[in-house]
Structure formats: structure tokens, C-alpha cells
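Beneath this line is the structure, given in C-alpha cells, with notes to follow.
The values are calculated or read from the model by the stated rules, or taken from the named source; none is laboratory data. Because the structure is predicted, anything quoted here is derived from the model rather than measured. Every residue, glycine among them, receives a Cβ derived from its backbone with ideal geometry; neighbour counts consider all protein chains shown.
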Amino acid sequence: MNTITGLLVGILDIPWKTILSQILTFLYSLAHYLGLLIVYLLGIILPTAKVPADLADPIGYLVLLTAFVVLAQVAKKVAWIVVIVGWALIMIRIFLAVSGH
């Protein structure tokens, strides 16, 4: 019982608010600088178009969300490939066991 209590006390002692704050600050900084980069590149590519600087944050967040969605889709495809290969290997193993090899 003392081990479980000690473990719970150890988990509760972690500064969750500080960690969450740092993660959110990092994500905001990343989104902000990505947005500034996109606005800057749009200014270079389309010099006549005036892109408002206050769009940097929304553009940056959309870039982050797009990257997350793309990574999630890639991870999903990789997971399906692993599952299919796994089933194929299991079927080969069963076939070899049944055929006496």
C-alpha cells in the first residue's frame, strides 16, 4: 500500500501547470514564427498584396494543425502497413506449421 501511495504522491508532485504552460508557450512561439515566415514569404512572392501582420498567428496555427493532420494520416497508414504485414506473417507461419515445415 505504501508503494502505491508513494507513487501517487510522486505523480501529484509533478508541476503539471508549469509543464502545460511551457508546452503551450512553445506551441504559440512555433505557430507565431511560422506565421511570420509565411507572411514574409507572401510579401516576397506577391509584393503588391499587403498581408496584414496580425494574420501571422492564425496562419501559424493553421500550419501547425495541417502538419499534425498530415502526420496523423501518415502514422495511420504506417500502422495499417504494420498490421497487414503482421497478419501476412502470421498466415505464413500458420501455413508453414500446417504443411510440416
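Quick grid of which residues meet (1) without any contact (Cβ under 8 Å) to a residue 24 or more places away in the chain; (2) hydroxyl-bearing (Ser, Thr, Tyr); (3) loosely packed, with under 10 Cβ neighbours inside 10 Å; (4) not in a helix (DSSP H, G or I):
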position: 29; (1), (2), (3), (4): yes, yes, no, no
position: 38; (1), (2), (3), (4): no, no, no, no
position: 56; (1), (2), (3), (4): no, no, no, no
position: 73; (1), (2), (3), (4): yes, no, no, no
position: 87; (1), (2), (3), (4): yes, no, no, no
position: 93; (1), (2), (3), (4): yes, no, no, no
Identify the residue in segment 40-54 that is loosely packed, with under 13 Cβ neighbours inside 10 Å and not in a helix (DSSP H, G or I) and, among all such residues, is modelled with the lowest pLDDT.
49
